[in-house]
Amino acid sequence: MSIIIRRALNKCISIIQARLGQPCLLCGADVQGAPLCPGCLADLPRLATPRCPVCALPTAMGEVCGGCLKHPPAFDVTCAVYRYAYPLDALLQHYKYGQGLHLAGFLAEQLAGQIDSRPDLLIPMPLHPKRLAERGYNQAGEIAKRLARGLALPVSLSACIRSRNAPPQASLPLKDRRKNIRGAFACREDLSGKRIALVDDVMTTGASLNELAKTVKQAGAVEVQAWVVARTLPRK
């Protein structure tokens, strides 16, 4: 199935589901105009505060964590809404791999509620063309488009590209992810003097967002924020 046909089918499904309503994706209760019932929405694992302002990992008093002090990432700020934990992890897996395009607006709305800054441009985490053809849509791009509309901010889906089709980060041990993603992105626009917000669904180690942030700073960006729906926390 071509990517154009797949995108059209996903869009049609999203419109039908929005108009007719559907069961709550987590408990099956009847809901109208939303993917989750109020109870399941309240049960989503909110990211606790205080946390490091740079990488969003928990810290005692909201100070910059030791990891960011020792090895500062290329991004300057992280805005995250939830912990990547049950049941949100199942919801995001459905969105990413189960043709759950109708969740993009809901996820963007959750993220928009945490935003208190006005960057010059939103850039979603790019997918390699081969991966995009397989999936049918870029999950980060769909969230970014809806964020841009809701917050009245410009978005570019083409400013950055994934120039190397590296193995999926999720398939690799944490220690190998930084090496795997190195040199995977390229920027095709002059971003001199601009404040950029990078949009993605999940931050795990931050390796992909860090590499993309390096790329946009090399293109002239003066500040880079990472906006993600969920943040993976280290196991205790």
Of the listed pairs Lys96/Lys130; Lys70/Lys214; Lys179/Lys217; Lys70/Lys194, those with alpha carbons more than 24 Å apart are Lys70/Lys194
Answer check: region 19-142, Cα atoms, Kirkwood Rh, Rg/Rh ratio of 1.00
Contact order relative to length for region 45-128, counting C-alpha pairs under 8 Å separated by 6 or more residues, stands in percent at 23 percent
So the pair-distance distribution of region 103-156, from every Cα-Cα distance in 10 Å bins, comes to percents of 25, 52, 21, 3
Probe 1.4 Å, heavy atoms of protein chains only: per residue, the accessible area of region 47-105 in Å² is 47 Å²
Heavy-atom accessible area of the chain with neighbours in place, 1.4 angstrom probe: carbon+sulfur share in percent works out to 56 percent
Of the convex hull enclosing the alpha-carbon atoms of region 56-120, the direction-averaged projected area in nm² is 6.3 nm²
Toy charge model, Lys and Arg Cβ at +1, Asp and Glu Cβ at -1: the chain dipole around Cα centroid in debye, rounded to 20, equals 680 debye
Convex hull around the C-alpha positions of region 71-201: the volume in Å³ per residue is 130 Å³
Scoring the chain by relative contact order with C-alpha pairs under 8 Å, at least six apart, yields a percentage of 21 percent
Plugging the Cβ-Cβ distance of Arg182 and Asp30 into 1/(1 + (r/R0)^6) at R0 = 30 Å yields, to the nearest 0.05, a FRET efficiency of 0.05
Here the Kirkwood hydrodynamic radius of the chain, Cα-based and in Å, equals 18.4 Å
Whole-Hz Karplus couplings 3J(HN,Hα) for region 216-231, θ = phi - 60° and coefficients 6.51, -1.76, 1.60, Gly and Pro as x, run 6, 6, 5, 8, x, 4, 9, 8, 10, 9, 10, 10, 9, 6, 9, 10
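The values are calculated or read from the model by the stated rules, or taken from the named source; none is laboratory data. Since the structure is predicted, the reported quantities are computational estimates derived from the model, not experimental observations. Every residue, glycine among them, receives a Cβ derived from its backbone with ideal geometry; neighbour counts consider all protein chains shown. Keep in mind that these areas ignore ligands, DNA and RNA; they rest on the heavy atoms of the full protein, side chains included. Shrake-Rupley method; radii C 1.70, N 1.55, O 1.52, S 1.80 Å.
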